[in-house]
1. Just to be sure before I move on: is B:Ala45 among the aliphatic types (A, V, I, L, M), surrounded by fewer than 16 Cβ atoms within 10 Å (Cβ to Cβ) and either more than 11 Å from every other protein chain (Cβ to nearest Cβ) or farther than 30 Å from A:Ile168 by Cβ (or both) in the structure I sent?
2. Go through region B:133-229 and tell me which helices (runs of 4 or more DSSP H), entirely inside it, have 3 or more residues that are at pLDDT 85 or above and β-branched (Val, Ile, Thr).
3. In region A:108-144, how many residues are among the acidic types (Asp, Glu) and modelled with pLDDT under 85?
4. Name the single residue that is nearest to the other protein chains (Cβ to nearest Cβ) among those in region A:139-154 being buried (at least 24 other Cβ atoms within 10 Å of the Cβ) and among the β-branched types (Val, Ile, Thr).
5. Pick from A:Leu73, A:Leu54, A:Leu78: which is buried (at least 17 other Cβ atoms within 10 Å of the Cβ) and either under 24 Å from B:Thr196 (Cα atoms) or without any contact (Cβ under 8 Å) to a residue 60 or more places away in the chain (or both)?
6. Looking at A:Thr88, A:Thr153, can you tell me which residue is within 21 Å of the chain's Cα centre (by Cα), assigned to a helix (DSSP H, G or I), of a type outside the set (D, E, K, R) and more than 17 Å from A:Ile28 (Cβ to Cβ)?
Amino acid sequence: MRWLESNLGLVWDLMLTHMSLCIPPIIIGFLISIPIGWIANRYRLTRGVILVVLGLLYTIPSIPLFIFMPLILGTPQLSSLNVVVALTIYAVALMVRSASDGLGSVDKDVLQAASAMGYSGWQRFWRVELPLSGPVLLAGLRVVSASTVSLATIGSVIGVTSLGYLFINGLQRRIPAEVLTGIVSVLLIAVVFDLLLVLLGRLVLPWSRRDRSVRAKTVARSRTAVLTGAGS
Amino acid sequence: MNLIEQGFAWILDPENISGPSGWVARLLEQLAYTFGAVAIAAVIAVPLGYLVGHTGKGRDIAVSLSGGFRALPSLGLLILLALGLGIGFRAPLVTFVILAIPPILAGAYAGFEAVDRRTIDAARAIGMTEWQVVTRVEVPLGLPLLIGGLRSSVLQVVATATLAGYVAGGALGAFIFEAFALRDYPQALGASILVTALALVLEGIFALLQKLVVPRGVVVKEQREVRSRSSRTRAVMGTPIREGK
């Protein structure tokens, strides 16, 4: 506790740095995943190919990926861009599956009804498919957010400052309180992000609270699928 | 491109291959961590997951536990344990066991949950005891999802085992952290290529295993209902219109 009291400023600065590393990958990853998920869901052939390729990308361990990044991007080795891009790749790899599942979870009858009412494909996507797949997308985004916040700490190992600095410094100076503070701060950010996402979900998807029974199951199943990597 | 060649040159250099600090030995250490941790985790998580899946009790706890662990930073946990247990192989092993538990737990209970309730009722109806229902119906039918859970825990641990080198626990990460200290980029790159290749090979083996190990007649349940069923009851199928109410 005494360590925390005397280093409150440092911890706060690192939390801000950490968040600035995490937010771009979560948002950009989400935006990239929607069109890819749509393509994956639209054609049977592309679904298999896209999910396999992204599965392999997700398989690349984080430290090697951080080390490969300067070669691929041509950035300096200590640039934080390396970490941001690598985290975005992981976010996309996780999120596309949710996007594809979410878009696939929309009732076919509803889609036909929308077409029958004269919606064009474009309108139908924005006004029917995307909003109705919201709960599954949200579940996927929550997983992405938690894993991004935790993975960003690894950046410190390759010299990109984040909350991981507290782990490394704590090891060198043998201060368990510092390491513990780092872990708690990471969990705190993860919880805050998660609550914000849930809140955002309530605002953007006000209908999803009432319509629990069937969709909740889909959401739960898709979360487990993400966790176990089950499915095709 | 030149740097990539240097990375491969590092891998192919006979000096780096054999011996107690060559990459073959380090790679075996990485594998030992992976399978050791997953085996210990499986002994803990599989019975627990089966219990949750069979009784349906504690499901919410299991779900939020598996979800919450995602946010736990493995590097922090590793270092905290290393400060307590000392450097060496013990702290990494404990860390990896903790990391490996959630996916296996999720795979075990999701496997049981995926079994059609009517199948279980049928098994009871033909006189199977509760134990028989578990061992002859739920375990085989839940196998694909359990293997899926084992697969993702192996992949997670094999990737994270790289961190063991950070607390003097050996494995392939030792090369990477040594390379950072010496500013030897080709070595970091070479070791990174090895870690990535190892992860991809394990992924391939498990993908194959997942197909082979599943008993014939058991199909991984694709999310079929999700795609086609309507969430509303259909007029043709039921709920006749009742008058006067």
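1. Values: among the aliphatic types (A, V, I, L, M): yes; surrounded by fewer than 16 Cβ atoms within 10 Å (Cβ to Cβ): no; either more than 11 Å from every other protein chain (Cβ to nearest Cβ) or farther than 30 Å from A:Ile168 by Cβ (or both): yes.
Judged against the criteria, B:Ala45 is not a match.
2. Details: elements: B:139-160, B:173-182, B:185-213, B:224-228.
Ranges flagged: B:139-160, B:185-213.
3. Restricting attention to region A:108-144, the residues satisfying the condition of being among the acidic types (Asp, Glu) are A:109, A:129.
Narrowing further to those that are modelled with pLDDT under 85: none.
Of the residues in region A:108-144, 0 are among the acidic types (Asp, Glu) and modelled with pLDDT under 85.
4. Residue satisfying both the conditions and the ranking: A:Thr153.
5. Details: A:Leu73 fails: buried (at least 17 other Cβ atoms within 10 Å of the Cβ); A:Leu78 fails: buried (at least 17 other Cβ atoms within 10 Å of the Cβ).
Result of the check over A:Leu73, A:Leu54, A:Leu78: A:Leu54.
6. Numbers: A:Thr88 fails: more than 17 Å from A:Ile28 (Cβ to Cβ).
Of A:Thr88, A:Thr153, the one residue that is within 21 Å of the chain's Cα centre (by Cα), assigned to a helix (DSSP H, G or I), of a type outside the set (D, E, K, R) and more than 17 Å from A:Ile28 (Cβ to Cβ) is A:Thr153.
One line per residue, one yes/no per condition, for (1) closer than 29 Å to B:Gly107 by Cβ; (2) without any contact (Cβ under 8 Å) to a residue 60 or more places away in the chain:
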{"position": "B:Ala123", "(1), (2)": "yes, yes"}
{"position": "B:Arg136", "(1), (2)": "yes, yes"}
{"position": "B:Leu155", "(1), (2)": "yes, yes"}
{"position": "B:Ala159", "(1), (2)": "yes, yes"}
{"position": "B:Leu172", "(1), (2)": "yes, no"}
{"position": "B:Phe180", "(1), (2)": "no, yes"}
{"position": "B:Pro186", "(1), (2)": "no, no"}
{"position": "B:Glu203", "(1), (2)": "yes, yes"}
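One line per residue, one yes/no per condition, for (1) free of Cβ contacts under 8 Å to residues at least 24 places away in the same chain; (2) among the basic types (Lys, Arg); (3) over 21 Å from B:Pro102 (Cβ atoms):
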residue	(1), (2), (3)
A:Ser145	no, no, no
A:Thr148	no, no, no
A:Ala152	no, no, no
A:Val157	no, no, yes
A:Phe167	yes, no, no
A:Ile183	yes, no, no
A:Asp194	no, no, no
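The values are calculated or read from the model by the stated rules, or taken from the named source; none is laboratory data. These numbers were taken from a predicted model, which means no experiment stands behind them. Counting neighbours? That spans all protein chains shown, and the Cβs are built from the backbone with ideal geometry, glycine included.
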